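The values are calculated or read from the model by the stated rules, or taken from the named source; none is laboratory data. The structure presented is a predicted model; accordingly, all values stated were derived computationally and were not measured. A quick note on method: Cβ atoms are made from the backbone with ideal geometry, for glycine too, and the neighbour counts reach across all protein chains shown. Heads up: the accessible areas ignore ligands, DNA and RNA and are worked out on the full protein's heavy atoms, side chains in. Shrake-Rupley method; radii C 1.70, N 1.55, O 1.52, S 1.80 Å.
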Amino acid sequence: MSDRYALVGNPVGHSKSPRIHAEFARATGQHLEYGLIEAPLDGFAQAVEVFRAAGGRGLNVTLPFKQQAFALCTRVSERARLAGVANTLVLDQDLCDNTDGIGLVRDLSENLGFGLKNRRVLLLGAGGAAQGVIGALLEAGAQRLVIANRTVGRAKTVAARFAGTAACGYEALAGESFDLVVNATSAGLSGETPALPPKLLTEKTLAYEMVYGRETPFLAAAHRAGARVSDGLGMLVEQAAESFFLWRGVRPPTRPVLASLRGA
Ligand code: NAP
């Protein structure tokens, strides 16, 4: 029988993860199955235990369970500890990890050719996705990292955990300029965008939208400003590759998978 892995979240029906991991498995000659588990909102821990008891080896975790995933394991990686949220469980090691940050940094550096060293970075949002990438952005050399959020107090609480970051609301960004603006809010899912001051995005900005598969208002504004743009599909593939490596000890090639998803 193949080793079993899955994505657990609510909802999960839209997920591209089974296809990504199936392509990784094919490319590396690994035998595994990767499924989807839609856990009830109050049933995350139970869903994990049922999967573990049935021989499940590892899980990816998505909304709204990333914080609960962090609290579930006895062993916590340094990346997950810094983030305070987890997106990967290695069940036979009782280990949780967070691969979102390395996924974003690899997409930026390897797929988009954008080095972070000495760059001024603006991170929009202070939820699980934002918290998951701050440590990796700083480690990759970002010179200045500002965290802006609709709820300013939440940005401040998050920034207080990371030396070298500052926090503010969107209106305080007037007159500022950044090399990279990462939209880590979920605003685009409901056709909205953080209320950014005009001229924040210019033709010198890389505007990165974590949401993928749709032209969000943030991406549309970035296009209008002449900025370089990217959605979050590359991050999705790269974070999946790091989870695959944690589970299987083999690093899968990501470019063909990204190309095939983009072509689909
Ligand atoms: P979350 O924990 O629920 O946080 C949501 C964030 O979005 C908060 O900062 C919230 O601000 C902000 N927000 C929501 N609606 C907004 C609006 N209308 N205007 C301004 N800000 C708004 O969600 P998350 O886990 O961080 O996920 C955020 C997004 O990242 C999701 O869309 C997810 O799909 C995406 N994501 C993508 C990848 C990838 O691999 N590409 C990986 C992880 C996550 P408040 O604090 O003020 O409420």
Q: Take A140 and decide whether it is away from the ligand (no atom under 15 Å from the Cβ) and crowded, with 19+ Cβ neighbours inside 10 Å.
A: yes
(Q) Restricting to the range 158-176, count the residues that are assigned to a loop (DSSP other than H, G, I, E, B) and either touching a Ser or Thr at 6+ places or on another chain (Cβ under 7 Å) or within 9 Å of the ligand (Cβ to nearest atom) (or both). (A) 0
Q. Which numbered condition trips up S186, out of (1) out of contact with any strand residue (DSSP E or B) (no Cβ under 9 Å at 6 or more places or on another chain); (2) within 25 Å of A80 (Cβ to Cβ); (3) away from the ligand (no atom under 16 Å from the Cβ)?
A. (3)
Q. Within the range 58-74, restricting attention to residues that are away from the ligand (no atom under 12 Å from the Cβ) and small (G, A, S), which residue is farthest from S2 (Cα to Cα)?
A. A71
Q | Tally, over the range 127-137, of residues that are within 11 Å of the ligand (Cβ to nearest atom) and buried (at least 23 other Cβ atoms within 10 Å of the Cβ) | A | 6
Q) For the range 217-264, which fully contained helices (runs of 4 or more DSSP H) count at least 3 residues that are crowded, with 24+ Cβ neighbours inside 10 Å and within 14 Å of the ligand (Cβ to nearest atom)? A) 233-248
Q.
For the range 149-166, give me the residue count where each residue is open to solvent by less than 60 Å² (accessible area, probe 1.4 Å) and either of a type in the set (V, I, T) or in contact with a Gly (Cβ under 9 Å, 6 or more places away or on another chain) (or both).
A. 6
Q | Lone unmet requirement of (1) over 17 Å from S230 (Cα atoms); (2) open to solvent by 20 Å² or more (accessible area, probe 1.4 Å); (3) out of contact with any Leu (no Cβ under 9 Å at 6 or more places or on another chain); (4) within 15 Å of the ligand (Cβ to nearest atom) for K117 | A | (4)
(Q) Take the conditions buried (at least 17 other Cβ atoms within 10 Å of the Cβ), under 19 Å from A83 (Cβ atoms), of a type outside the set (D, E) and in contact with a Pro (Cβ under 6 Å, 6 or more places away or on another chain) and apply them to L124. Does it pass? (A) yes
Q. What strands (runs of 3 or more DSSP E) completely inside the range 2-81 contain at least 3 residues that are of a type outside the set (V, I, T) and touching a residue at least 40 places away in the same chain (Cβ under 8 Å)?
A. 3-9, 58-61
Q | Options T185, T202; residue that is part of a loop (DSSP other than H, G, I, E, B), open to solvent by 10 Å² or more (accessible area, probe 1.4 Å) and farther than 25 Å from N118 by Cβ | A | T185
Q: Return yes or no: is R154 farther than 18 Å from T62 by Cβ, in a helix (DSSP H, G or I), in contact (Cβ under 8 Å) with a residue 12 or more places away in the chain and near the ligand (Cβ under 10 Å from one of its atoms)?
A: yes
Q | Criterion (open to solvent by less than 30 Å² (accessible area, probe 1.4 Å), polar (S, T, N, Q) and more than 15 Å from the ligand (Cβ to nearest atom)) met by exactly one of S109, S77 | A | S77
